[in-house]
1. Given the structure, is A:Thr38 β-branched (Val, Ile, Thr), in contact with a helix residue (DSSP H, G or I) (Cβ under 6 Å, 6 or more places away or on another chain) and in a helix (DSSP H, G or I)?
2. Can you tell which of A:Val215, A:Val209 is modelled with pLDDT under 95, under 18 Å from the mean Cα position of the chain (by Cα) and not assigned by TED's automatic domain parsing to the domain that holds A:Ser32?
3. From A:Arg93, A:Arg12, which residue is at the interface with another protein chain (Cβ under 9 Å from one of its Cβ atoms), among the basic types (Lys, Arg), in contact with a helix residue (DSSP H, G or I) (Cβ under 7 Å, 6 or more places away or on another chain) and surrounded by fewer than 22 Cβ atoms within 10 Å (Cβ to Cβ)?
4. Against the definition (under 21 Å from the mean Cα position of the chain (by Cα) and surrounded by fewer than 16 Cβ atoms within 10 Å (Cβ to Cβ)), how does A:Ile223 come out, yes or no?
5. Which count do you get for residues in the range B:1-54 that are among the β-branched types (Val, Ile, Thr), within 29 Å of A:Ser193 (Cβ to Cβ) and in contact with a Leu (Cβ under 8 Å, 6 or more places away or on another chain)?
6. Does the range B:36-59 hold any residues that are under 16 Å from A:Ile186 (Cα atoms) and either out of contact with any Gly (no Cβ under 6 Å at 6 or more places or on another chain) or among the basic types (Lys, Arg) (or both), and which are they?
7. Checking A:Leu216 against (1) more than 7 Å from every other protein chain (Cβ to nearest Cβ); (2) free of Cβ contacts under 8 Å to residues at least 40 places away in the same chain; (3) hydrophobic (A, V, I, L, M, F, W, C), only one condition comes out false. Which one?
8. Of everything in the range B:24-53 that's among the β-branched types (Val, Ile, Thr) and facing another protein chain (nearest Cβ under 7 Å), which residue is farthest from the chain's Cα centre (by Cα)?
Amino acid sequence: MNAALTDWNAARRQIVGNAASIGFAVAMYGVSFGALGTTTGLTIPQTMALSLLMFTGASQFTLVSTLASGGTALTAVIASWLMGTRNAAYSMRMTPILKTSGPGRLVAVQLTIDESTAMGLAQDEDAFEGRASRLAFWATGLSVYLLWNLATFIGAISVSAIGDPKSFGLDAAIAAGLFALVWPQIKSRTDLSVAFGGALIALAFTPLVPPGIPVLAAAMVSIIVGWVTSRRIT
Amino acid sequence: MMWFAVLAGAAGCYALKYVGSVIPAHILEQPTVKRIVLLLPISLLSALVAVQTFASSQELVLDARVPALAAATVALKFKSPFIFVVLIAAATAAALRYFGLAV
């Protein structure tokens, strides 16, 4: 019993430490997001509302950069939803592990993002009667939530002070930030074709349709390739 | 209009997270749905990178953003941290503009 308790204490310390360092790593993106939000015409409260309420980085970057490139509110919203579909898969995976209900479930749902899910699933599901998985999810989710919002605020208020964002290369920084988000997701030749296909379709549509729509058109590549390749495997 | 985008976007993203916790597992476990969910961020983000690098409203242009993205690509190749990738791109574009080498 004592040995088991010592093991759990050690495991707990390690999980909480990892969760904290993930939070700090994510904070770097948070500062960039806050800066991007306010330079593309959102107010500080609007930028903060995205981090507090939407709380899923890729969707937030998508919404803001679609608006920045001149897209309508509606195309920006749809693009952010499409980007958020993977969170549905994450919460489906986490729900049986977390065993939450009522208000706890509603909070857990909001904290379900790339990082918390990855950390939750990285633990042995049966370790310490599932406590390791649950702690990893909650600690990571809360640490990222706290630091992401703090970082957004810092980014948002610091950029309102600078002048022309282009002279600081902020437009190039947005492109590079999005590129850094997609880079680690490309793991196979199919992923690479989808990436190039999406980029080419978006550019081909750019002169023809209003801003924002080209990015939505690019989503078709994923739908078609996903449909065709899953059929070939089965 | 901005508030509409912020709140509608946030509501939909929360709804997607919530739906995953209540729908029967077999729907999202379907191989086709699973593949598409996995591939959607890749095409969307790549499209955003392309537009953010080469488009100016409805025009395709070559400006300081292109060499900046090339610099970011090199940084990514060397597994640099996110913040470094972003800063190297910003610095490249800012320097080219400052010295009048690109718009």
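The values are calculated or read from the model by the stated rules, or taken from the named source; none is laboratory data. No experiment lies behind these values; they were computed from the predicted model shown. Positions of Cβ are generated from backbone atoms using ideal geometry, with glycine treated the same way; all protein chains shown enter the neighbour counts.
1. yes
2. Going through A:Val215, A:Val209 in turn, the sole match is A:Val215.
3. Working: A:Arg12 fails: at the interface with another protein chain (Cβ under 9 Å from one of its Cβ atoms).
Exactly one residue qualifies, and that residue is A:Arg93.
4. no
5. Looking only at that region, the number is 4.
6. B:Val37, B:Leu38, B:Leu40, B:Pro41, B:Ile42, B:Leu44, B:Leu45, B:Leu48, B:Val49, B:Ala50
7. Here A:Leu216 clears every test but (2).
8. Looking at the filtered set, the residue picked out is B:Thr32.
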